[in-house]
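Encoded as structure tokens, the structure appears first; notes follow it.
The values are calculated or read from the model by the stated rules, or taken from the named source; none is laboratory data. Note that the coordinates shown come from a computational prediction; the quantities given were computed from them, not determined experimentally. As a convention, Cβ positions derive from the backbone with ideal geometry for all residues, glycine included, and neighbour counts pool all protein chains shown. Heads up: the accessible areas ignore ligands, DNA and RNA and are worked out on the full protein's heavy atoms, side chains in. Shrake-Rupley method; radii C 1.70, N 1.55, O 1.52, S 1.80 Å.
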Amino acid sequence: MSAKPVVGGLRGVSAGETSISTCGKEGFGLSYRGYDIAELAERASFEEVAYLLLYGELPTAAQLNDFTQILIQNRDLPVELREVLERIPANAHPMDVLRTGCSMLGTLEPETDFSQQINVVNRLIAVFPSMLLYWYRFATDGKRISTQSSSPTLAGHFLQLLGDRVPSELHQRAMDVSLVLYAEHEFNASTFAARVCAATLSDMYSAVTAGIGTLRGPLHGGANEAAMELIAKFDSADAARSGVLAMLGRKEKIMGFGHAVYKESDPRNAVIKAWSKRLGDSAGDTQLYAVSEAIDDVMWSEKRLFPNLDFYSASAYHYLGIPTQLFTPIFVCSRITGWAAHVMEQRANNKLIRPAADYTGPAARSFLPMDERA
Ligand code: COA
């Protein structure tokens, strides 16, 4: 007996209420707590947006200062976690490193009392860049870096740990905007996974680990890395055009295009595309952005498919000097804010998430003894 028809991938099915964000409500929009994403990307810092998502309102100057200080104070890694990170293979995917690191931190600093959940959340926001870049630098140049930096913002801190120098204002702001764009996206796959986990009254680390594992796949967060790999294959716009046409002819998916909710455009794309162009111009590059635009044109003219946030994030990150395998982990460093806001919202009005399924297996039958089985 099926009460309602099955909708593949639960497209368009409401799975709960949220006051955190709207996504695609008019076919194209995105807002965090009522604020349009374009305005937040233009005017707010990542820390302001994180505060907005977690506490429901934009911070005052004093609140922002306190929040920033808390994040700065939470950047250090426990020695046991550093030891674990050092033992992870150098060729591991950094998403696996974050999944493991998050889980390990949960054994060292467990969340035993949900009334303290915001402390765990702040800790995770502050520590993910440290965790990722401590491992990355140890694995790639054998250096045990300090996880403190002179930068008060997460964007500047991230780039500083990666490159051992204070990044330019332009690079810091580009990174900051990208973190704002990635912070929250309603009931996307990883957030929904985190909420399902939280709804069992599990702990914050488990919910976030579920989010990381879900984000890892190329149909979700992993698309930015896949997009970079594609763009890097072509040395000119013409080569990109014919290469992508050939891929479409073979019915291959082009990562970084299309969206499960947006049908006309991804509202985050215009912002990150403009930043990619700006960074490319400032680097004096004529190839990567041109190749990206050529792919964008072909996808629109051939398939009426538009780039999602991941597509131009790829070239933007590349211009920031970020290695490709760190692209999806940056998504984690930002989306932890959205995941945490959703976990807290789920906990505040919890009901175990347990949908039904339409059975398609064999009809009821008798158990077969071993000697009667084919
Ligand atoms: N490249 C080529 N074709 C694509 C495509 C892409 N990126 N995205 C969708 N399509 C095509 C599908 O092949 C399908 O064609 P068909 O009807 O001939 O079989 C049609 O468009 C519908 O695709 P479907 O995957 O069912 O749409 P969806 O709305 O369920 O999927 C995504 C949304 C995001 C999973 C899908 O667009 C995709 O896989 N994109 C690439 C991965 C990506 O960028 N993910 C990040 C999302 S923010």
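Being free of Cβ contacts under 8 Å to residues at least 40 places away in the same chain, among the β-branched types (Val, Ile, Thr) and within 15 Å of the ligand (Cβ to nearest atom) is the requirement here; does THR191 meet it?
No.
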Kindly evaluate SER292 against the criterion of being buried (at least 16 other Cβ atoms within 10 Å of the Cβ), over 26 Å from CYS102 (Cβ atoms), of a type in the set (S, T, N, Q) and more than 12 Å from the ligand (Cβ to nearest atom). yes
Take the residues in region 219-251 that are open to solvent by 70 Å² or more (accessible area, probe 1.4 Å) and within 8 Å of the ligand (Cβ to nearest atom); name whichever of them is modelled with the lowest pLDDT. LEU219
Identify all residues within region 43-58 that are without any contact (Cβ under 8 Å) to a residue 24 or more places away in the chain and open to solvent by 20 Å² or more (accessible area, probe 1.4 Å); write none if there are none. ARG43, GLU48, TYR51, TYR55, LEU58
Going through ARG354, ARG335, ARG304 one at a time, which residue ends up being open to solvent by 50 Å² or more (accessible area, probe 1.4 Å) and at negative phi? ARG354
Anything in region 165-175 that is touching a residue at least 12 places away in the same chain (Cβ under 8 Å) and open to solvent by 70 Å² or more (accessible area, probe 1.4 Å)? List them, or say none. VAL166
So ASP266, is it over 21 Å from GLY8 (Cα atoms), away from the ligand (no atom under 12 Å from the Cβ), of a type in the set (D, E, K, R) and in contact with a helix residue (DSSP H, G or I) (Cβ under 8 Å, 6 or more places away or on another chain): no
In region 67-87, residues that are within 23 Å of the chain's Cα centre (by Cα) and acidic (Asp, Glu) total 1
Identify all residues within region 236-260 that are farther than 30 Å from SER168 by Cα and in a helix (DSSP H, G or I); write none if there are none. ASP238, ALA239, ALA240, ARG241, SER242, GLY243, VAL244, LEU245, ALA246, MET247, LEU248, GLY249
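Can you pull out every residue in region 113-139 that is open to solvent by 10 Å² or more (accessible area, probe 1.4 Å) and in contact (Cβ under 8 Å) with a residue 60 or more places away in the chain?
Once the filter is applied, which keeps residues that are open to solvent by 10 Å² or more (accessible area, probe 1.4 Å) and in contact (Cβ under 8 Å) with a residue 60 or more places away in the chain, region 113-139 yields PHE114, GLN117, ILE118, VAL120, TYR136.
Is there a residue in region 133-146 that is within 25 Å of GLU42 (Cβ to Cβ), at pLDDT 95 or above and more than 15 Å from the chain's Cα centre (by Cα)?
Checked against the condition, which is being within 25 Å of GLU42 (Cβ to Cβ), at pLDDT 95 or above and more than 15 Å from the chain's Cα centre (by Cα), region 133-146 yields no hits at all.
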Being more than 19 Å from the chain's Cα centre (by Cα), closer than 18 Å to MET204 by Cβ and modelled with pLDDT of 95 or more narrows SER115, SER151, SER103 down to just SER115
